[in-house]
Amino acid sequence: MNTNKMTLQTILLLICIGLAAGILSGLVGVGGGIIMVPLLIYFFRFNQHEAQGTSLAVLAIPVTAIAAFNYYKEGYLDWRYAGIIALCFIVGGYLGSKFAVTIDQKVLKKIFAVILLLVAGKMLFTK
């Protein structure tokens with residue numbers, strides 16, 4: 001478990017991470033894993049499991065609900081699609097987390113990095 005003290009510097013850095021993740025989540029739909037996990041590892045020396053667990057805890061329903069509501073108000077949210085994805089996300093999140101905690105930290109970090117690279121490459125080179 002991470003034992004960083006809650007100094008003013010720590011709190012300010014956490015605020016910055018939260019704002020960056022929130023802004024990017026609202027702006028382009030990312031924030032949790034792509035932003036928070038690497039920053040928690042880099043700035044707070046979290047291990048991969050701690051960073052992923054913390055990121056998931058942050059993404060509880062109230063956090064994203066306000067951003068989603070803004071998209072809904074503008075007509076950019078399909079509740080049918082969101083509902084199906086959310087139900088499967090719950091199951092997938094449970095299964096994925098059960099598996100992730102059994103994987104070695106170094107292997108998990110490499111899996112995470114490869115997924116980020118694949119997604120970035122696909123987005124960068126797709127028309």
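A few points about this structure:
- Being among the hydrophobic types (A, V, I, L, M, F, W, C), under 25 Å from MET123 (Cα atoms) and either crowded, with 16+ Cβ neighbours inside 10 Å or touching a residue at least 24 places away in the same chain (Cβ under 8 Å) (or both) holds for only one residue in ILE17, ILE23, and it is ILE17.
- In the range 11-60, the residues that are more than 13 Å from the chain's Cα centre (by Cα) and of a type in the set (Ser, Thr, Tyr): TYR42
- Filtering the range 3-39 to residues that are modelled with pLDDT of 85 or more and either in contact with a Ser or Thr (Cβ under 6 Å, 6 or more places away or on another chain) or among the acidic types (Asp, Glu) (or both) leaves MET36, VAL37.
- The residues of the range 73-85 that are exposed (fewer than 10 other Cβ atoms within 10 Å of the Cβ) and not in a helix (DSSP H, G or I), listed by number, are GLU74, GLY75, TYR76.
- Positions within the range 86-102 being among the hydrophobic types (A, V, I, L, M, F, W, C) and in a loop (DSSP other than H, G, I, E, B), in sequence order: VAL101
The values are calculated or read from the model by the stated rules, or taken from the named source; none is laboratory data. Being a predicted model, the structure only gives us computed values, none of them experimental. Backbone-built Cβ (ideal geometry, glycine too); neighbour counts: all protein chains shown.
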